[in-house]
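Below is one structure, written out as structure tokens; comments come after it.
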Amino acid sequence: MIAMQISAPGRPLERVERPVARPGVGELLIEVAACGVCRTDLHVLDGEIAACYPIIPGHEIVGRVAAIGPKVAGFMPGQRVGVPWLGHTCGQCPYCRAGRENLCDAPLFTGATRDGGYASHAVADARYCFSLPERFSDVEAAPLLCAGLIGWRALRLAGPAPVIGLYGFGAAAHILVQIATHQGRTVHAFTRKGDEEGQAFARSLGCAWAGASCERPPEPLDAALIFAPVGALIPFALRTVRKGGRVVCAGIHMSDIPSFPYADLWEERQIVSVANLTREDGTSFFELVENIRLRTVTESFRLEDANEALQSLRGGKVKGAAVLIP
């Protein structure tokens, strides 16, 4: 197999060759057809979140089952599956027993603490793999495995909020706006100042308004969802939500939050974070997108061009989601 590997934090990915692994007990060997490029991959590359190096990143994996390990049921050779960020949980800690496996005390994360999908092949715990709606191609489906799933969990944490704002209009937001408008919500988008192309993109997907992150939307928000890893956005977002409103921080890493007046938080406004996902998030999300009009906007790169894809993402040059193809 070939893969693009991070040998140590801060170093460019390197092309490596390895023998194709055999799946162990409870595992699947997957021939990778596409793997999405996520901002979390940049955090792994930069050493900003916990990871085991050397590591093959990538946690938006779409592929076909090439081999099945012992004690695996429900999968067939050639079946298409998706592999998300959550790669394993202990099943025994208080969080797992309470149905909150996203907060497991001993998890494994695809592309961070177990090898991921920037490769021609990947091994995954079968219990954490999903069947994917057939109406999406491999490339179209890849962003659903994280941008879609984390966006979905963030939207659920926002509650029934009829008017929402999305800060950072990238891979997750461009999927989420389509779901939110399908649900009858009004969506406003916030981008970097001067990003007129990004604002036009947001409006083309159903946003009622799009502007800079420092601007006020035309109406108060019931909830604001922050996807950009910029802590300074939280005070801005707090000032846009109405009394009792909620600010949902959907990233795995964020720069420090600057101080702000207590008055901006008062009147029962809330700040909450999203941590990982549960398998139930996945099953409910894929049931939803199976039955609504939703499209993912993607830009494809060769696997060997993974460094270029990551730098394009870092520079805000990707419209929608970047996807690697082995």
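The values are calculated or read from the model by the stated rules, or taken from the named source; none is laboratory data. Model, not experiment: these values are computed from the prediction. Backbone-built Cβ (ideal geometry, glycine too); neighbour counts: all protein chains shown. The protein model used for the area step is the full one, side chains on, heavy atoms only, and it has no ligands, DNA or RNA in it. Shrake-Rupley method; radii C 1.70, N 1.55, O 1.52, S 1.80 Å.
The table that follows gives values for the structure above.
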| read-out | value |
| --- | --- |
| Subset of region 71-125 (residues that are closer than 18 Å to Glu280 by Cβ and in a loop (DSSP other than H, G, I, E, B)) | Gly74, Pro84, Trp85, Thr89, Cys90, Gly91, Cys93, Ala98, Gly99, Arg100, Cys104, Pro107 |
| Selection within region 203-214 - open to solvent by 50 Å² or more (accessible area, probe 1.4 Å), more than 13 Å from Gly168 (Cα to Cα) and in a loop (DSSP other than H, G, I, E, B) | Ala208 |
| Given (1) at negative phi; (2) modelled with pLDDT under 95, index of the condition Ile6 fails | (2) |
| Some residue of region 47-70 being open to solvent by 20 Å² or more (accessible area, probe 1.4 Å), assigned to a strand (DSSP E or B) and touching a His at 6+ places or on another chain (Cβ under 8 Å) | yes |
| The one condition in (1) in contact with an Asp or Glu (Cβ under 7 Å, 6 or more places away or on another chain); (2) more than 24 Å from Trp152 (Cα to Cα) that Ala67 fails to fulfil | (1) |
| Answer residue from region 227-259, given it is open to solvent by 60 Å² or more (accessible area, probe 1.4 Å) and touching a helix residue (DSSP H, G or I) at 6+ places or on another chain (Cβ under 7 Å) and is modelled with the lowest pLDDT among those | Ile252 |
| Residues of region 217-240 that turn out to be over 24 Å from the mean Cα position of the chain (by Cα) and either assigned to a strand (DSSP E or B) or over 19 Å from Val177 (Cβ atoms) (or both), as a count | 1 |
| Residues (part of a helix (DSSP H, G or I) and either touching a Lys or Arg at 6+ places or on another chain (Cβ under 9 Å) or surrounded by fewer than 18 Cβ atoms within 10 Å (Cβ to Cβ) (or both)) located in region 268-286 | Arg279, Glu280, Asp281, Thr283, Ser284, Phe285 |
| Condition met for Asp195 (open to solvent by less than 60 Å² (accessible area, probe 1.4 Å), over 27 Å from Gly47 (Cα atoms), within 23 Å of the chain's Cα centre (by Cα) and among the acidic types (Asp, Glu)) | yes |
| Any hit, region 161-170, residues being assigned to a loop (DSSP other than H, G, I, E, B) and hydrophobic (A, V, I, L, M, F, W, C) | yes |
| Residue among Thr89, Thr110, Thr40 that is of a type in the set (Val, Ile, Thr), modelled with pLDDT of 95 or more and touching a strand residue (DSSP E or B) at 6+ places or on another chain (Cβ under 6 Å) | Thr110 |
